Every structure is written in C-alpha cells, then in structure tokens.
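Have a look at the structure below before the remarks.
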Amino acid sequence: MSGKHQLIERLDTHGKLIIERHIHKMSTLIATGVAHPNIAFIKYWGNIDSELNIPSTGSISMNLDALWSKTTVTFEEKLKEDTLAINGNPASLLALQRVSTFLNIVRTMANRQIFADVRSVNNFPIAAGLASSASAFAALSLAATRALGLTLSEIELSRLARRGSGSSCRSVPPGYVEWQLGRGNGDSYAHSIAPAQHWLLTDCIAIVQSSEKLIGSQTGHLLAATSPFQPARILDAPRRLAICRQAILQRDFDALAKIIELDSNMLHAVMITSDPPLVYWQPSTLAILKIIPDMRAQGWPVCYTIDAGANIHIICPADYSAKIERILSQIPTVSQVLISPPGGGVSINED
Ligand code: PMV
C-alpha cells in the first residue's frame, strides 16, 4: 500500500514538544456495482429538461435478470484524468466524456477532487437498443458513490443514475418499476411497483442487429419534440401508465399486452415522424412483428415492444418462453435470442 509522510508537532502531557512522523496509508477507494438493464413497457422519449434528464412523461419497466453490467470504479490520487474501459477495450472519447461529466456530480457530492479508473463489462450487446446505458449508469452510480464513502438511499441513487441516462433510474429499484413524472431533480426518480417474483413474465429478445446504432437515444430525445405526434403521446401517457400499472398489479396479461404494444407503436410513430426521421427497424424487425399474430392464433399470450434499436422484445408468461425461443432461433436473420425473467435492483459486488 502506498503512503504519504507527514510531520506532526504536538505537546506531551509534560508540555514537551514531540515531533511525530505519520505515515498516512492511502486507502484504496474501490467498489464494484452490478445492475440489470430494463425493458420499458410504457416508454420514455423526450425531456422537459435535457440537462437533468427530466422526462416529458412517466414510464414503467421490468428489470432483466439475465442481463447485467458490472462496473468497477477505482479512485486514485495518482491518476491525472478519468479512464474508461468497456468490455476490456478503451472506450471512445465521447463515452469517456459522458462518464467524466457524471463522475463530476459524484465528486461534488463527496467533496473530493480525485480521478477514477472505470471498468465496465456487460454480458449482452451494448448500444443496440438493449438499454446498456441504463444498467451501466446504475452500476456506476452505486460503485462510484460507495468508493467515495457515500451511502445513498434508493431514491437518491435513482435520482443520481438518471443524470447519466434517464432510463438508468429505473434500473436502481428491483422488479417492476415506475419512473414517476417529476418537475425537477428532487422528484424525478423511480420506485418499485412490484417485486420481481410478483409475476414471472419473460422477455425473449430477438437480436437482429448487434452493432452500435447510428443515432443514440440522447440525440433521439432531443428530436422527439419535432414530431407532431409527440404532444398526443404525452397527453395520453397518464392513461397508458394507469392501465399498465394496474395490469401488472392484477397480473392481467391481456390488458398488459394491449397497452405495451400501443405504447411501442406510439413511440415509433413519433420517431419516424420526427425531423430528421428516426427509423430504427430493420426488415427482420418487421418480419418478426408479423409472426406475433400467428403465435396469438395458437393461443399463446405474447406481445412485442421495441426500443431505440432494431431488436424486438417478445414478452410472455414464463411457461411460453421455451416455445418462443425455439421459433425465434429458427429465423435466419436472428443472430441470438436472449431470455430473461424479471430481475432485482442494483447491488454491490462483494468479490
Ligand atoms: O435512457 P435513455 O436515454 O437510453 O432512453 C431510453 C429510451 C427508450 O429505451 C427507447 C425507452 C425507455 O423508456 O427505456
């Protein structure tokens, strides 16, 4: 362990001057956080405050247990700047700047000026519309605050994660989560509406594109207001949120399926009518959408939802996931099928 020497002068009980040489052991300021991405059933798209990521609507999601981001943060006196590695490779300058800006918030909270080495690994394709920024910033929020000796409540952590990526605030609490509509930093955070074990739904994700998407959600949020459909989407949001919340609480799959698909379609209607238009779908996205009615015709309870990417999420009760996985994995344009039950919230990795 490295250390700094410091001479301390003090008087002993007889008034004699004592000079002591203290070696300050520098503690290693390190912590690792683990978080799951989430799939939004009622989605977030567009902000009323882009700097603080205050959304123009509330949103509801489910954490995805099988997918995770693990982020280790090491603050060290000797570092001259922050460094960032994602999946073992040095990150782009843009990603590093985003993380540094976020760490500045944490440094201000802890009143410490010290740089950090950040290493993040994910077990799923990043930047392909699978909300890797949600899990990454939730894990980073917990790791960075703990490494600097801060113990935040779930609400404080959710508020902090939101600053890195809006949907990240939903990866902090466990299970089924609602990000309530707030007006500012203080009241814009997420809370759990039901634990993961409340309802064993499964997300079957068909990966049709695992490369990085061209337009990230940060740019997408800025374009939302250019769509003439965005005001209608915002106006109707409280209704969709109420239906979704109730469907989850009552485990009513038919009601949930209907509102999830409507919300996803409304999101993509806004995307493709924004200026410039954002079309995330690939031909294979649509091909899979077209087989959902066939699954329903067989009596399978299924519904789809698509985020800012080409990949398609099929939500179903757990008993149906093996059948759906079999069908999806036979489609030539599907490179991988990820299957996930609902998951917990962010946690510290003790290893
Ligand atoms: O948190 P962001 O900036 O990655 O935005 C997420 C946007 C969607 O995934 C499309 C919707 C959502 O609510 O997760």
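The values are calculated or read from the model by the stated rules, or taken from the named source; none is laboratory data. It should be emphasised that the depicted structure is a prediction, and the values quoted were computed from it without experimental measurement. Using ideal geometry, Cβ is built from the backbone for each residue, glycine included, and neighbour counts are taken over all protein chains shown. Ligands, DNA and RNA are stripped out before the accessible areas are found, and what is left, the full protein with its side chains, is counted by its heavy atoms. Shrake-Rupley method; radii C 1.70, N 1.55, O 1.52, S 1.80 Å.
If you line up the long axis of helix 132-147 against the longest principal axis of the chain, both from Cα atoms, how many degrees apart are they, to the nearest 10? Between the helix axis and the principal axis of the chain, the angle is about 20 degrees.
Using 0.36 nm per residue and subtracting the Cα-Cα separation, the extra length available between ALA232 and GLU350 on full extension is 37.9 nm. If you roll a 1.4 Å probe over the chain with all protein chains in place, what percent of the accessible area is carbon or sulfur? Roughly 55 percent of what the probe reaches on the chain is carbon or sulfur. Compared with the dominant Cα axis of the chain, that is its longest principal axis, helix 283-297 is turned about 60°. Between ARG119, ARG163, ARG183, the residue with the greatest mean-square fluctuation in the GNM of the chain (Cα pairs under 10 Å linked by springs) is ARG183. Only lysine pairs 8 or more places apart, or on different chains, with alpha-carbon atoms under 19 angstrom apart are counted in the chain, and they number 8. Once backbone amide H atoms are built at 1.01 Å from N, ASP49 has ILE54 as its partners under 5 Å, excluding neighbours fewer than 5 places away on the same chain. Taking the longest Cα principal axis of the chain as reference, the axis of helix 253-272 is set at about 80 degrees. Solvent exposure of region 28-343 amounts to 41 Å² per residue of accessible area, where only protein heavy atoms count and the probe is 1.4 Å. When only the Cβ of Lys, Arg, Asp and Glu is charged (+1, +1, -1, -1), the dipole of the chain relative to its Cα centre reaches about 320 debye.
Candidates PRO195, ASN185, ALA269 compared by Cα position along the dipole of region 173-280: farthest toward the positive end lies ASN185, with charges placed on Cβ.
Dipole of the chain computed with +1 at Lys/Arg Cβ and -1 at Asp/Glu Cβ about the Cα centre; of PHE115, SER167, ALA247, farthest Cα towards the positive end is PHE115.
When you work out D = kT/(6 pi eta Rh) for the chain at 25 °C and 0.890 mPa s, using the Kirkwood radius from C-alpha pairs as Rh and the Stokes-Einstein form, the result is 115 µm²/s.
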